[in-house]
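To start, the structure under review is shown below, and the notes come after it.
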Amino acid sequence: SAISKNSLKTSLLQLECHFTWTLLKQHVSLEALEETIVDHIKFVTESNIIDYNILSYVCHLKNANEEALRSLKKAEEAVQKHHPGEIARRSLVTWGNYAWIYYHMQRYEEAQTYVSKVENSCKMLSSTADGKIQLPEIYAEQGWASLRFGNNYFERAKNCFENALKSEPDNPDFNAGYAIAMYRLENLSERYCEEKRPCLEALKRALELNPKNTTIMALLALELQRLKRVDEGERYIEEALQITPDFPVFLRYAANFYRRNGEVDKAVEILKKTLALTPKSVFLHHQLGLCYRFKILQLKKTRYTPREEVENLIQLAIFHLKTVIDKKPTFISAHSDLASIYALGKRYEEAEEIFQEVLQRNNLFCGEKQEIYFNYGNFQHFHMNSESKAIKYYIEGLKMEKDSYGRKKCREAVETLLKRKIESGLGDATDIGMLGLVHNLNGEKQKAIECYKKAIALDPSNEEYQNALFELQLSI
């Protein structure tokens, strides 16, 4: 009946599970996410319960509810195997997901059964009169789910693990999750020029509690590398290679470490080995594409470029990067990477097409869009030999006020271009006016005023410069 359906909905919204954690599918590529989780299940048995729970939610998002139920069945089996003494406590999220999936399948009776199961268990486990319960492992599970759903959720993941740690500050798993969230937030804040969030201490603490966790070792090594403590980082990578020589999650970070160190052949060797273990991993295809691009650029610098070898590497890079953007269209920087390979292979139309498709999207982060403007400006400048178009796109990136790595790159590129032109005597009023605009967008008002005055001296009838100068003088 309608009444029970409404009251059922109210109860469902009270549950703590993936369906109430607002994890939105527009932020992920479901296919790539599903493959990541399936790979993880294969190689990490300790977290199977958590993996099967999120897999059920991902299956539901791609309208495969029967498959979702099969995942939950496997989660239940894992609970019985690993936590036979705490079945209720360890099944709350699983049962919550069951209730929601049955509700979506319009099997309301079964949904109600699972809602009651959760409510009764909470009363049993709870010390408060209202039966409300806040279990640290449920916070942690929300944290792991948030990490899986990408950049938008890293802040939330950190908060979830912080909540879990309040009750169990020495829990190895919660500390690992917290450290991973901090590591990813620091990488983001670096790209988007927000305040630094040092994660070194969190990683060290997590490793103390998880001395054999090679994922944490690898992230610690990458962090030390970022801090220019490369040798120290490399010792962790070498130690971890002894502990888990065949663990894909670790190996992909190890490859990343060697690639950033310029040891590209070593990286390629590890990546190929890992791809044999998890052939669908988007991360691995992307890293291989980057390695091949590095090799192409190296060979193009040599005196007698081996044409055939370069052509072969271009084909390989295109294959791997196309795989990435097909599987994960939300991976924005991979589009720029692919476009740059097409440009290196003089396939300009294909490069242009990729840039246009991404520039027309309206759901990009500010920082992502600024990076695209920067890369597209470079494409116009270095491959299409159009300085004027390059300047236009660098300035588009600058016009977006939010600070980021991409915006900084746009600023440096456009200033260098304009100053070189002006100092060589080839610059006209337009170039000087443009430089005025650039200074103005950077908040350098005095420099902007000087440029506009020079531009007006060269082109006295230009109203645009006069208006800009007038507004600037008013604002000081």
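The values are calculated or read from the model by the stated rules, or taken from the named source; none is laboratory data. Just so it is clear, the structure is predicted and the values come from calculations on it, not from any experiment. So basically every Cβ, Gly included, is an ideal-geometry build from the backbone, and we count neighbours across all protein chains shown. When the accessible area is computed, the model is the full protein with side chains, heavy atoms only, and any ligands, DNA or RNA have been set aside. Shrake-Rupley method; radii C 1.70, N 1.55, O 1.52, S 1.80 Å.
Which loop trypsin sites (Lys or Arg not before Pro) in segment 130-194, with loop taken from DSSP, have no more than 11 other Cβ atoms within 10 angstrom of their Cβ?
Lys132
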### Task
Specify whether the C-alpha gyration tensor of segment 428-475 places it in the rounded, prolate or oblate class, a ≥ b ≥ c being the square roots of the eigenvalues: rounded for a/c under 1.5, otherwise prolate if a/b is larger than b/c and oblate if not.
oblate
### Task
Take Thr215, Thr10, Thr36 and sort them by solvent-accessible surface of the protein heavy atoms, 1.4 Å probe, largest at the top.
Thr10, Thr36, Thr215
### Message
Over segment 428-475, what is the relative contact order in percent, taking alpha-carbon pairs closer than 8 angstrom and at least six residues apart?
### Response
36 percent
### Query
Counting each DSSP H run of 4 or more residues in the chain as -39500 (n - 2.57), what helix-only mean residue ellipticity at 222 nm follows after dividing by all residues, to the nearest 500 deg cm²/dmol?
-24500 deg cm²/dmol
### Within segment 151-247, GluC sites (Glu not before Pro) in DSSP loop having at most 10 other beta-carbon neighbours inside 10 Å
Glu195
### Message
At 1.4 Å probe size, with the rest of the protein present, what percent of the exposed accessible area of the chain is carbon and sulfur atoms?
### Response
51 percent
#### Entry: Degrees separating the helix 136-148 axis from the principal Cα axis of the chain, which is the longest one
40 degrees
### Query
Accessible area of Ser388, 1.4 Å probe, to the nearest 10 Å²?
90 Å²
### Query
What angle do you read, to the nearest 10 degrees and between 0 and 90, between the alpha-carbon axis of helix 429-441 and the longest principal axis of the chain?
30 degrees
### Summary
With Cα coordinates, the longest principal axis of the chain makes an angle with the long axis of helix 307-327, in degrees rounded to 10, of 50 degrees
### Task
Let me have the relative contact order for segment 275-325, percent, based on Cα pairs under 8 Å that are six or more residues apart.
50 percent
### Relative contact order computed over segment 158-266 (Cα-Cα under 8 Å; 6+ residues apart), in percent
19 percent
